[in-house]
Structure formats: C-alpha cells, structure tokens
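Trainee: Below you'll find the structure I mean.
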Amino acid sequence: MKNATTVSLQQIKDSHMPYRNANIRHKEKLTRVDKLALWITTKVGSMGFFMLVFTWSASWIVWNTMAPIHLRFDPYPAFVLWLIISNMLQIFLMPLIMVGQNLQSRHSEIRAEEDYLINKKAELEIETILVHLENQNKLILQILAHMEKEQKQ
C-alpha cells in the first residue's frame with residue numbers, strides 16, 4: 001500500500017485508457033470467413049439442427065425400410081448413400097465447429113483481458129482510498145488528542 005500514497009485519484013484516471021466493450025473488439029477483428037464459421041457453428045450447435053438431422057435420418061431409414069420396394073432408393077440393408085452423406089456431414093462440420101470454438105475462445109480471452117485491466121485499476125483505486133482513509137483516521141486521532149489536551153487545560 002505504500003506506493004499508493006503518492007498516487008492521486010486524478011493520476012489513476014489519467015494513467016488508464018478508456019476501456020472498450022470486449023464484444024465490440026472481438027467483432028471488429030472477425031473476417032467474413034470467421035463470421036461464416038461462427039454462424040455455422042451457432043446453427044449446427046442448436047437443438048433445431050439436431051432435430052432436423054434426427055428427423056431426416058429417421059425419415060430416410062423409415063422410407064427405405066417401409067416404402068414400397070420399387071420406391072426405395074437405398075433399400076435395407078444397404079443404406080450406403082445415407083452413410084456417405086452422414087460421413088460427409090461429419091467431415092465438413094467437425095472442422096467448422098472447431099474453428100467456431102477457437103473464435104469463441106479468442107472472444108473469451110479478450111473479455112478476460114478487459115476484466116483483468118478493470119480489476120487492476122479497481123485495486124489501485126481501492127488502495128488509494130484506503131490510504132486516504134488511514135490518513136483521515138490519523139488526522140481524526142490527532143484532533144481528538146488535541147481536544148483532550150485543551151479540555152484538560
């Protein structure tokens with residue numbers, strides 16, 4: 001706390017740059033491809049997408065097992081076309097999901113950095129306030145001691 005004695009509140013305000021919204025900083029750094037990856041990650045990581053894939057898969061299997069034989073395009077037990085499509089989905093979506101997660105991780109790092117800077121500033125301000133309070137306590141004690149001396153005289 002000793003180095004806080006020489007720091008005034010105005011010096012604290014002058015020494016720190018204004019903080020920016022971490023969300024805005026993150027969005028400003030995104031390229032179009034990054035925005036696309038985040039959009040895909042957001043959509044693929046939703047229950048709506050899960051329900052779509054689940055419904056499509058169930059429909060595919062039911063159609064190819066229950067439909068009239070001449071209308072089945074991938075009859076049981078083949079399902080080869082469905083396996084190819086599902087594997088292609090996995091092959092393309094997994095890297096995109098990972099890219100999106102990396103971008104979201106960078107966003108978290110920016111927010112953590114901003115939080116750290118704000119916490120650092122708050123700590124310095126608190127130390128300065130504590131030093132001022134200690135000085136006020138000393139002054140109050142001196143005034144009380146002086147008043148006691150006057151009353152005794």
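Trainee: Counting just the Cα atoms, what span does region 59-116 cover along each of its three principal axes? Round to the nearest Å and put the largest first.
Mentor: 66, 16, 13
Trainee: So if I take the centroid of the Cα atoms in region 112-153 and the same for region 35-87, what is the distance between those two points in Å?
Mentor: 68 Å
Trainee: If you put +1 on each Lys and Arg Cβ and -1 on each Asp and Glu Cβ, how big is the dipole of region 7-152 around its Cα centre, in Debye rounded to 20? Intermediate values should be presented prior to the final figure.
Mentor: On the way: 16 positive and 14 negative charges, 95 e Å.
That gives region 7-152 a dipole magnitude of about 460 debye.
Trainee: What ³J(HN,Hα) values, in whole Hz, does the Karplus curve 6.51 cos²θ - 1.76 cosθ + 1.60 give for region 127-142 when θ = phi - 60°, with x put for Gly and Pro?
Mentor: 4, 5, 4, 5, 5, 4, 5, 4, 5, 5, 4, 4, 5, 4, 5, 5
Trainee: Quick check on the chain: helices-only [θ] at 222 nm, where DSSP H runs of length 4 and up contribute -39,500 (n - 2.57) each and the sum goes over total residues. Nearest 500, please.
Mentor: Helix-only estimate at 222 nm: -28000 deg cm²/dmol.
Trainee: Then there is this: Direction-averaged shadow area of the convex hull around the Cα atoms of the chain, nm²?
Mentor: On the way: hull surface 68.7 nm².
Value for the chain: 17.2 nm².
Trainee: Ok, one more. Enter the angle in degrees (range 0 to 90, nearest 10) between the Cα long axis of helix 32-44 and the first principal axis of the Cα atoms of the chain, meaning the one along which they spread out most.
Mentor: 70 degrees
Trainee: Shape of region 66-152 from its Cα gyration tensor (a ≥ b ≥ c, root eigenvalues): rounded if a/c is under 1.5, otherwise prolate when a/b > b/c, or oblate?
Mentor: Note, shape of region 66-152 comes out prolate.
Trainee: What is the distance, in nm, between label points placed 7 Å from the Cα along the Cα-to-Cβ direction at SER46 and at GLN136?
Mentor: Result: 5.3 nm between the two label points.
Trainee: Where in the chain lies the longest segment free of chymotrypsin sites (Phe, Trp or Tyr not before Pro) that are both loop residues by DSSP (not H, G, I, E, B) and have at most 14 other Cβ atoms within 10 Å? Spell out each step's value before the answer.
Mentor: Details: sites that count: TYR19, PHE73.
Looking at the chain, 74-153 is the longest stretch - no exposed chymotrypsin sites (Phe, Trp or Tyr not before Pro) with at most 14 other Cβ atoms within 10 Å.
Trainee: Let me ask something else about it. With charges only on Cβ, +1 for K and R and -1 for D and E, what is the dipole size of region 81-153 about its Cα centre, in debye, rounded to 20?
Mentor: 60 debye
Trainee: Same structure, new question: Expected output is a single nm value to one decimal: the length gained when fully extending between LYS120 and PHE73, i.e. 0.36 nm times separation in residues minus the C-alpha distance. What is it?
Mentor: Separation in residues times 0.36 nm, less the Cα-Cα distance, equals 10.4 nm.
Trainee: Next question, about the same structure. Which of GLN11, GLN101, GLN142 ends up with the largest GNM mean-square fluctuation for the chain, with Cα atoms connected below 10 Å?
Mentor: GLN142
No value in this document is a laboratory result; all are computed from the given coordinates. These figures come from a predicted structure and were not determined experimentally. Note: ideal-geometry Cβ built from the backbone for every residue, glycine included; neighbour counts use all protein chains shown.
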